[in-house]
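Here's the structure, in structure tokens; my notes come after.
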Amino acid sequence: MNLAGKISKVLYGGDYNPEQWPREVWQEDMRLLRLAGIDIVTLNVFSWAALQPSENEYDFSTLDAIIETVSAVEGMKICLATGTATHPAWMARKYPEVLRVNIEGNKRKFGARQNSCPNSPVYRKYSALLARKLAERYGKLENLAAWHISNEYCSACYCENCEKAFRKWLMQKYKTIEALNAAWNTSFWGHTYYDWDDIVAPSFLSEEWPPGRTSCQIQSIDYRRFNSDSLLDCYLAEAGVLKEITPHVPVTTNMMATYWELDYRKWGKHMDFIAWDNYPAMDAPYTRTAMNHALMRGCGGGKPFALMEQTPSVTNWRPYNSLKRPGIMRLWSYQALAHGSDTVMFFQMRRSRGCCEKFHGAIIDHCGHENTRVFRETAALGAELKKLGDVFLDSRLESKAAVLFDWDNWWATHLSAGPTSDMNYPEEVFRFYNALARRNVSTDMVGVDTPLDSYKLLFAPVLYMVKPGFADKIKTFVRGGGVFVTGYFSGMADQNDLVTTEGYPGELRSLCGLWVEETDALLPGNYNNFVIKEGPLAGTWKADLLCDIIRPEGAETIARYESDFYAGTPALCRNNYGGGAVWYFGARPDAVLLDRFAALICGECNIEPVFPPHDGIEATRRIKDGREFVFVLNHNTVESQITIPFACRDLLTDKSFSPSERYALPAADVLVLDVT
Ligand SMILES: [Zn+2]
């Protein structure tokens, strides 16, 4: 399904909240949005209070007027939100059950947003009813491009409704209390449950304590699985109604990349297109943003992909909210397109006057006119996107390399008591993704359910939890010639967080050709070294965080530890397995070793970079009907000399390049190269 049915160019726009402004401002907004080349607005994100002022009263007059105003602009599409991210105050007063209980065990009062208990029958009923009324009223609008359900689903609830629903979720999963006791290892600390009703939510009143520790890991992991499912059920309740009434309109919600509480790989299955909100810190490596794009895109398994929000200039929630420097908004917009997005969308069109988003950037600033740097940059990008037209829309990235990201592994490693509290799963995964991305190797982020047939190389750092069937899937992948890279804190536990009794790394032991006898956690700032005597990785390279003490069982030792009582023992191993190979990093490698390793391993796998690697130069390739578009982005703050390896034409400037032509790419500038 194409993103909006029949889009003819990259959709350009974002959140528009005119209900915060008097109506005389709206017409001026339309003039300004037209001037900026905006062709889609997301409406109604926080309008439940206005649409349903009391339990039995609905009032669509303001939304009617807003839709009429924006629809009068030629070509303006609407992404219509269902408005259910904040329940109305009357609902909290009349039905306190809709209010969440936080992890501290405190019943919340009305306020903030995403404040509704996901298992409240009242919330489920009225949110689905509002979606129905919106679909019935606006479903036939010709310019309705998509439904945007709720907004940035987040956090968790620990109320009694959720506790009851958790018990039902557990009953479905484990069938008998005996099976649950076995899976949860409840003979530990006398936790045996006699009855389902004995089970409570693992909050700070029961199993957990700050900062995110728990005495029963699997209970806490199961609660996160349950909470993610509960919020997904809220989404599905609305999506079901919308699909029933407007089956032709795509449905989505906005995700937030490496967001702790939600297993987006499950969510992506239920979205017609993947949408996400990209707010990188000003000092975030561009490859970290690239990983987020790939992670989100990967949750769709090939579905269309949309950048739903970014700021035109500045955020409001960080301790220090620096401005996006001139050219950065454009650069990061093209980065989204480079990673498969068919939209460039912002939060928001006009800057709020009051409350916590009053200093969040917008296309129209508080001064209210177009004579600002941000507006000029926005309008310039709008004109460029118009010129690009539909040339690469609906194209896809194709990758031979993949990196595994699994929310269960994040939850399990973060909640684990030992071996180190410095384990940060997304950052560990990023280290490995970074090494591939810096080489401009097209890389997908995959889950354990992703088919591996199309890949030659799979990185699965910190594969702590090995789910049923996954070890066999990797074995099949490697036997068929694939190369698998894993290492420290892997193969430790099953899906119930029960540790292997087969010797670490458990189910991966024969595949890796080694046994990990012990694991040493290094103190902050301390490190050991990988010592590699010969070959392309030769040198001494920093090893920190965790050091596995490895006993090879067929694997070849590539590196040895330099120091401590395990000096001279294997630190990096390689094992031939079937037609492929497995690499095992016993400790966390530094970036230089990983860079060299990525070069070596991509060479062995015959994986060519999309574009010659160059510091700070990112390149990706989108492919449609055999036609290739290579995006080249200069993330450096200075001009960079690059060599264009193929004949091509830049779609932005119409400049043609011949093979091996040198080009000075200005700082923060972009090429969109039509290669065919
Ligand atoms: Zn609840």
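The values are calculated or read from the model by the stated rules, or taken from the named source; none is laboratory data. Quick caveat: nothing in here was measured; it's all calculated off a predicted structure. Virtual Cβ from ideal backbone geometry, glycine too; neighbours counted across all protein chains shown.
Couple of notes before you dig in:
- Filtered by the rule that a residue be over 25 Å from Pro247 (Cα atoms), of a type in the set (Gly, Ala, Ser) and buried (at least 20 other Cβ atoms within 10 Å of the Cβ), the stretch 261-316 gives Ala290, Ala294, Ser313.
- Within the stretch 593-637, the set of residues being in a helix (DSSP H, G or I) and in contact with a helix residue (DSSP H, G or I) (Cβ under 8 Å, 6 or more places away or on another chain) comprises Leu594, Asp595, Phe597, Ala598, Cys602.
- Taken over the stretch 399-433, the criterion of being surrounded by fewer than 22 Cβ atoms within 10 Å (Cβ to Cβ), touching a residue at least 40 places away in the same chain (Cβ under 8 Å) and assigned to a loop (DSSP other than H, G, I, E, B) is satisfied by Lys400, Ser416, Ala417, Gly418, Pro419, Thr420, Asp422, Met423.
- Pairs, first closer than 15 Å to Ser230 by Cα in the stretch 98-110, second within 10 Å of the ligand (Cβ to nearest atom) and of a type in the set (Phe, Trp, Tyr), C-beta under 9 Å, six or more apart: Val98/Tyr123; Arg100/Tyr158; Val101/Tyr158
- Residue within the stretch 334-341 that is at pLDDT 95 or above and under 22 Å from Trp26 (Cα atoms) present: no
- For the condition outside the structural domain of Thr252 (by TED's automatic domain parsing), of a type in the set (Gly, Ala, Ser) and within 14 Å of the ligand (Cβ to nearest atom), Ala165 qualifies.
- Residue list for the stretch 288-314, filter: in a loop (DSSP other than H, G, I, E, B) and either more than 13 Å from Met256 (Cα to Cα) or β-branched (Val, Ile, Thr) (or both): Gly300, Gly301, Gly302, Lys303, Pro304, Thr311, Pro312, Ser313, Val314
- Members of the stretch 638-657 that are of a type in the set (S, T, N, Q) and part of a strand (DSSP E or B): Ser640, Gln641, Thr643, Ser656
- Some residue of the stretch 450-473 being on the phi > 0 side of the Ramachandran plot and surrounded by fewer than 22 Cβ atoms within 10 Å (Cβ to Cβ): yes
- Whichever residue in the stretch 94-140 is within 22 Å of Met308 (Cβ to Cβ), assigned to a loop (DSSP other than H, G, I, E, B) and touching a helix residue (DSSP H, G or I) at 6+ places or on another chain (Cβ under 7 Å) and, among such residues, is nearest to the ligand (Cβ to nearest atom): Pro118
- Candidates in the stretch 168-188 are the residues that are part of a loop (DSSP other than H, G, I, E, B) and either in contact (Cβ under 8 Å) with a residue 24 or more places away in the chain or at negative phi (or both); of these, the one that is farthest from the ligand (Cβ to nearest atom) is Ser187.
- For Gly212: the one exception among (1) under 21 Å from Ala493 (Cβ atoms); (2) within 13 Å of the ligand (Cβ to nearest atom): (2)
Residue-by-condition table, conditions (1) among the β-branched types (Val, Ile, Thr); (2) out of contact with any Leu (no Cβ under 9 Å at 6 or more places or on another chain):
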position	(1), (2)
Asn181	no, yes
Thr186	yes, no
Gly190	no, yes
Asp195	no, yes
Asp198	no, yes
Arg213	no, no
Ser228	no, no
Pro247	no, yes
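- Within the stretch 632-647, being surrounded by fewer than 22 Cβ atoms within 10 Å (Cβ to Cβ) and within 19 Å of Ser341 (Cβ to Cβ) holds for one residue alone: His635.
- For Glu562: the one exception among (1) more than 32 Å from the chain's Cα centre (by Cα); (2) closer than 26 Å to Asn440 by Cα: (2)
- Conditions (1) within 23 Å of Ala112 (Cα to Cα); (2) more than 16 Å from the ligand (Cβ to nearest atom); number of the one not met by Tyr194: (1)
- Residue count for the stretch 465-493 under the criterion of being out of contact with any Gly (no Cβ under 7 Å at 6 or more places or on another chain) and either charged (D, E, K, R) or modelled with pLDDT under 95 (or both): the result is 4.
- Close pairs from the stretch 313-325: first farther than 14 Å from Ala284 by Cβ, partner among the acidic types (Asp, Glu) and assigned to a loop (DSSP other than H, G, I, E, B), Cβ under 6 Å, at least 6 apart: Asn316/Glu357
- Cys367 assigned to a loop (DSSP other than H, G, I, E, B) and on the phi > 0 side of the Ramachandran plot: no
- So Tyr158, is it in a helix (DSSP H, G or I), at negative phi, within 14 Å of the ligand (Cβ to nearest atom) and not small (Gly, Ala, Ser): no
- In the stretch 549-592, of all residues being in a strand (DSSP E or B) and of a type in the set (S, T, N, Q), the one that is surrounded by the most Cβ atoms within 10 Å (Cβ to Cβ) corresponds to Asn575.
- Flag if Asn636 is without any contact (Cβ under 8 Å) to a residue 60 or more places away in the chain and polar (S, T, N, Q): yes
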